[in-house]
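Take a look at the structure set out below.
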Amino acid sequence: MNKYAKTFLNGIIFENPTLALVLGMCPTLATTTSAINGMSMGLATAFVLLCSNVVISLLKNLIPDKVHIPAYIVIIASFVTMVQLAMQAYLPALYETLGLFIPLIVVNCIVLGRAEAFAAKNSVGLSAIDGLGMGLGFTLSLTVIGAIRELLGTGMIFNTRIYADNYGMLIFVLAPGAFIALAYIMALVQKIIKK
């Protein structure tokens, strides 16, 4: 397996930000009340991760060591602002649902961590693959958590009715449901990885 495929798969499976590294728990637990919300938050973060990794990798030799963290935050904040404005203009209902968690992508430890640990030390191509893999891994985990919570809590997935809503378990729509769903998914993934 070449280094590009390995880097891509690390983000999705072995170093999944949510399920393996346990990073970005605030948006994971707060925005996964439905599969659409989880997927949207994941895709917004994936876009920022991919773009910021590429730009930081391009500029890594031009940014002085004394100001590299503030420079990374400015780069990340620029892409977050682009996502926020686009979402506000074209998906206002979704933007209102995700609300405060979109601007908080700027300080998400997944994005800043990958900028510092990977993009600042690797080529543009490898940094892009890392951003894509980590972003898709984050999106996948948020979508699965959201789908499980939505199905068990409301009887729906992606706003499609699967069973009557009076059989839904309210706990999965509430905050404790996020912890329960996340714990079982993490346990399952760890068991699969260890095999």
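The values are calculated or read from the model by the stated rules, or taken from the named source; none is laboratory data. In this text, all values refer to a predicted model and were calculated from it rather than measured experimentally. Neighbour counts are summed over all protein chains in view; Cβ atoms, including those assigned to glycine, are modelled from backbone coordinates with ideal geometry. Remember, those area values only see protein heavy atoms, side chains included, never the ligands or the DNA or RNA. Shrake-Rupley method; radii C 1.70, N 1.55, O 1.52, S 1.80 Å.
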Comparing ILE102, ILE63, ILE110 in a Gaussian network model of the chain (Cα, 10 Å), the one with the largest mean-square fluctuation is ILE63
Select from GLY135, GLY177, GLY42 the residue whose mean-square fluctuation is largest in a Gaussian network model of the chain (Cα-Cα springs shorter than 10 Å). GLY177
Please grab the % of Cα pairs in the stretch 14-104 that end up more than 22 Å from each other. 34 percent
If you build a Gaussian network model of the chain, linking Cα atoms that sit under 10 Å apart, which residue out of LEU151, LEU49, LEU104 swings the most? LEU104
If you roll a 1.4 angstrom probe over the protein chains with everything in place, what fraction of the accessible area of the chain belongs to carbon and sulfur, to the nearest %? 72 percent
HN-Hα J couplings of the stretch 152-158 from phi, Karplus 6.51/-1.76/1.60, θ = phi - 60°, integer Hz, Gly and Pro as x? 6, x, 10, x, 10, 9, 6
Ignoring ligands and nucleic acids, what accessible area does PHE14 show with a 1.4 Å probe (Å², nearest 10)? 110 Å²
With 0.36 nm assigned to each residue of separation and the Cα-Cα distance removed, MET1 to ILE13 gains 2.8 nm
Under 5 Å between amide hydrogens, which residues at least 5 positions from ILE157 or on another chain qualify, with H placed 1.01 Å from N in the peptide plane? ILE162
Note down the accessible area of VAL74, probe 1.4 Å, to the nearest 10 Å². 90 Å²
What nm distance separates the two modelled labels at ILE63 and ILE193, each placed 7 Å from Cα along Cα→Cβ? 2.6 nm
Beyond 32 Å between alpha-carbons counts as too far, so tell me which of LYS60/LYS194; LYS3/LYS60; LYS3/LYS66; LYS121/LYS194; LYS6/LYS60 fall in that bin. LYS60/LYS194
